[in-house]
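Asker: Have a look at the structure that comes next, please.
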């Protein structure tokens, strides 16, 4: 980002400037190949299903931190709402399911997003009927339901059946493509409802980066290089260096959320020292401050001269098994 962020040359910036640069890191989005392929898949689903005699559903799933919501919000932003002739046109309706949601509360949130002043009134059936009316009025072409697992958090078969039947009926009645997205465990709703499973027979998963094959390594290092070019420093940090990239992969297991978090904290560390790039010392300090409760035996790979990725993972597994 040379030109946008002035060199510090050892001068420690103000907290305001540190915050500005940290927020910049948070905003970085790198459209790596799998990210772009999912955007393309959503576009294909949207365009081919809208106006169809029987629109298909699409289910997107993956562990937390892989960028699912970022992808969905980016796609929604491609089709912004518009005010035309006193009414709102909403090509893509995006909503996040809150924790502990019920079909009625999700229906209420859909109505709220479409501008229904009485979004929280009426029975579940009444709300669902109004959704159909507002979909037509707002010219909604596609509905995206994110954090889908919150609708089916309960293990109760009765709750799962109620939720699955509501989604099935909404999909059948609204007659536009619906995309549901959530954690892998949300797939249980399809296991108990064969009709819903048929409507969402296309299922796409988002996986963390891998480092096994040469192609995997090239993709991961290209991702790091893309971030490096957008970091709020005038100088390059060489994140894609063959050795350093292995350390970053080990520290984060290729999860984009943890990669970004590591680089956010490393950016702050570098700025506090008046540096114009991130160093391995910054990564070392930042990794120590990130709590990884699921990896009790992870080591700090930074500043290790003889770091070996395979050995590090194998040692972590041995330590975990012997504990």
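Any read-out appearing in this document is the output of simple, stated calculations on the displayed coordinates, not a laboratory observation. Computed from a predicted model, the values in this text were never measured in an experiment. Cβ placement follows ideal geometry from the backbone for every residue including glycine, while neighbour counts extend to all protein chains displayed.
Asker: Which distance in nm do the two modelled labels at residue 294 and residue 118 give, with both placed 7 Å along the Cα-to-Cβ direction?
Answerer: Here the answer is 4.5 nm between the modelled labels.
Asker: Ordered by packing density, taken as the mean number of other Cβ atoms within 10 Å over each peptide's residues, highest first, how do 123-133, 143-153, 280-290, 241-251 rank? If you can, show how the numbers build up before the last one.
Answerer: On the way: 123-133: 15.9, 143-153: 21.6, 280-290: 18.5, 241-251: 20.1.
Answer by packing, highest mean first, reads 143-153, 241-251, 280-290, 123-133.
Asker: Right, another one. How much of the DSSP beta bridge set in region 33-199 is antiparallel, as a percent to the nearest 5? Don't skip to the end; give the middle numbers.
Answerer: Values: 3 of 16 bridges.
Taking every DSSP beta bridge with both residues in region 33-199, the antiparallel ones total about 20 percent.
Asker: Run the simple label-point estimate for residue 322 and residue 195 please: 7 Å along Cα→C-beta, distance reported in nm.
Answerer: 5.7 nm
Asker: Taking square-rooted eigenvalues a ≥ b ≥ c of the alpha carbon gyration tensor, is region 16-125 rounded, prolate or oblate, where a/c under 1.5 means rounded and, failing that, a/b exceeding b/c means prolate?
Answerer: Details: a/c = 1.64, a/b = 1.33, b/c = 1.24.
Prolate shape, in that a/c is at least 1.5 and a/b is the bigger ratio.
Asker: Now a separate question. As I understand it, the value is the acute angle between the Cα axis of helix 214-230 and the longest principal axis of the Cα atoms of the chain; what does it come to in degrees, rounded to 10?
Answerer: The angle comes out near 90 degrees.
Asker: State the antiparallel share, in %, of DSSP beta bridges confined to the chain, rounding to the nearest 5.
Answerer: Details: 3 of 21 bridges.
Counting DSSP beta bridges with both partners in the chain, the antiparallel share is about 15 percent.
Asker: Provide the gained length on full extension for the span residue 203 to residue 84, in nm with one decimal, where the gain is 0.36 nm per separating residue minus the Cα-Cα distance.
Answerer: On the way: separation 119, 0.36 × 119 = 42.84 nm, distance 3.52 nm.
In short, 39.3 nm is gained.
Asker: Looking at region 78-177, what % of its DSSP beta bridges pair antiparallel, to the nearest 5? It would help to have the intermediate numbers written out before the result.
Answerer: On the way: 3 of 8 bridges.
Percentage antiparallel, nearest 5: 40.
Asker: Normalising by the residue count of region 119-216, find the relative contact order in percent from Cα pairs under 8 Å and 6+ residues apart. Provide the component values of the computation, followed by the final result.
Answerer: Working: 72 pairs, mean separation 28.6, N = 98.
Here the relative contact order equals 29 percent.
Asker: Relative contact order for region 1-101: what percent, with Cα pairs under 8 Å and sequence separation of 6 or more?
Answerer: Values: 33 pairs, mean separation 15.0, N = 101.
Relative contact order here is 15 percent.
Asker: Rg and Dmax of region 8-55, Cα atoms, in Å?
Answerer: That works out to 20.5, 65 Å for Rg and Dmax.
Asker: Please check: in the Gaussian network model of the chain (C-alpha springs, under 10 Å), which one of 43, 141, 264 has the largest mean-square fluctuation.
Answerer: Greatest mean-square fluctuation among the candidates belongs to 43.
Asker: State the volume of the convex hull built on the alpha-carbon positions of region 33-199, expressed per residue in Å³ and rounded to an integer. Walk me through the numbers before you get to the answer.
Answerer: Values: hull volume 18.4 nm³, N = 167.
So the per-residue Cα hull volume is 110 Å³.
Asker: What's the ranking of 69-81, 228-240 by average number of surrounding C-beta atoms within 10 Å, highest first?
Answerer: Details: 69-81: 15.9, 228-240: 18.8.
Going by the mean number of other Cβ atoms within 10 Å, highest first, we get 228-240, 69-81.
Asker: Now, a different point. Distance in nm between label sites at residue 172 and residue 12, each 7 Å beyond Cα in the beta-carbon direction?
Answerer: For the pair residue 172/residue 12, the computed spacing is 6.6 nm.
Asker: Expressed as a rounded percentage, what relative contact order does the chain have, with Cα pairs under 8 Å and six or more residues apart?
Answerer: Computed value for the chain: 25 percent relative contact order.
Asker: Where is the GNM fluctuation largest for the chain (alpha-carbon springs, 10 angstrom cutoff): 226, 122, 254?
Answerer: 122
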